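What follows is a short report on a single structure.
Coordinate-derived values only; no laboratory data. What you are looking at is a predicted structure, and each value in this text was computed from that prediction instead of being measured. In this analysis, Cβ positions are derived from the backbone assuming ideal geometry, glycine residues included, and neighbour counts consider all displayed protein chains.
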Amino acid sequence: MSLNKLQKFAAIKTMSHVFQNFSFNHPQLICNEAPVSMRGKWHASFFKNSNPIVLELACGRGEYTVNLARKNPNINYIGIDVKGNRIYTGAQTAIDEDLKNVAFIRTPIEQLHHFIAPDEASEIWITFPDPFPKFPDRKNRLISPRFIDLYRSHFATKSIIYHLKTDNIRLFRYATGVIDGRGYKIHTCLEDIYAIDKKIEDYLRIQTYYERLHQGLGSAIHYMKWEM
Ligand SMILES: C[S@@+](CC[C@H](N)C(=O)[O-])C[C@H]1O[C@@H](n2cnc3c(N)ncnc32)[C@H](O)[C@@H]1O
């Protein structure tokens, strides 16, 4: 049965693996309609193990979160997005498949530091972020200097691997400029990952809703992996 937006909002309110923050001024996670404090407690209070935690930023329907969680039961995944109706899809799949290594946080990514401690994330995926093509909006790009500095200053206790996948070649080249310009180590920089002569890791073949959409319109897909 397909649900409308309001039904999806109502459904995620009752899910014990979905944590929602509704306030920019007073950031607070709510789960099962009760305030909860998760920062620094994800391993002990939610996952009940000490496995690494991987974040998917701009997760939308959470395809990377869910697919990677299926492939790697010994790794924990948290999908993060501001849109609850999108998160619902991945959250419901995690319930249907009884995936215990999956959680979702509904919050603006700008507030992530309130909910994840500096040493809690070991890897970060940024999947098909909005390109915000207009110049005045550039600060909203999730790979803009503002966000890159925010990730780096928060997750400062160790170096972390980051993955970016996008269909937008301008955004991709902008991102490589930002990362390279700051001197971070770029491990892989692939334009058009599905070009026939390229061998790519299996995990790069996971396709999100926006990937399928843009591929269907003829766009090539690009990938960068870096460390900072
Ligand atoms: C183009 S969609 C991609 C969704 C998904 N990764 C995919 O590939 O299908 C971009 C997503 O980024 C989310 N987003 C953009 N800016 C955000 C922010 N500052 N905080 C949280 N989510 C954000 C939007 O809500 C949207 O779901």
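Structure values in brief
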item: Rg/Rg_ref, the chain, where Rg_ref = 2.2 N^0.38 Å and atoms are Cα; result: 0.98
item: 12 Å beta-carbon shell around Pro133, net charge (K/R +1, D/E -1); result: +2
item: For Ile160, residues with placed amide H under 5 Å, excluding near neighbours; result: Met228
item: Shape call, segment 1-70: gyration tensor on alpha carbons, a/c limit 1.5; result: oblate
item: Candidate lysines - alpha carbon under 22 Å from Lys158, same-chain residues fewer than 8 apart omitted; result: Lys41, Lys185, Lys225
item: Packing-based order for 140-151, 173-184, using average beta carbon neighbours within 10 Å, highest first; result: 140-151, 173-184
item: Length added when fully stretched, Tyr194-Lys134, from 0.36 nm per residue minus Cα-Cα; result: 18.8 nm
item: Lysines with Cα under 18 Å of Lys71, excluding same-chain neighbours fewer than 8 positions away; result: Lys100
item: Residues whose placed amide H lies under 5 Å from that of Glu56, excluding near-sequence neighbours; result: Ile78, Gly79, Ile80, Trp125
item: Proximal aspartates and glutamates to Lys8, defined as alpha-carbon separation beneath 16 angstrom and excluding residues fewer than eight positions away on the same chain; result: Glu33, Asp81, Asp96
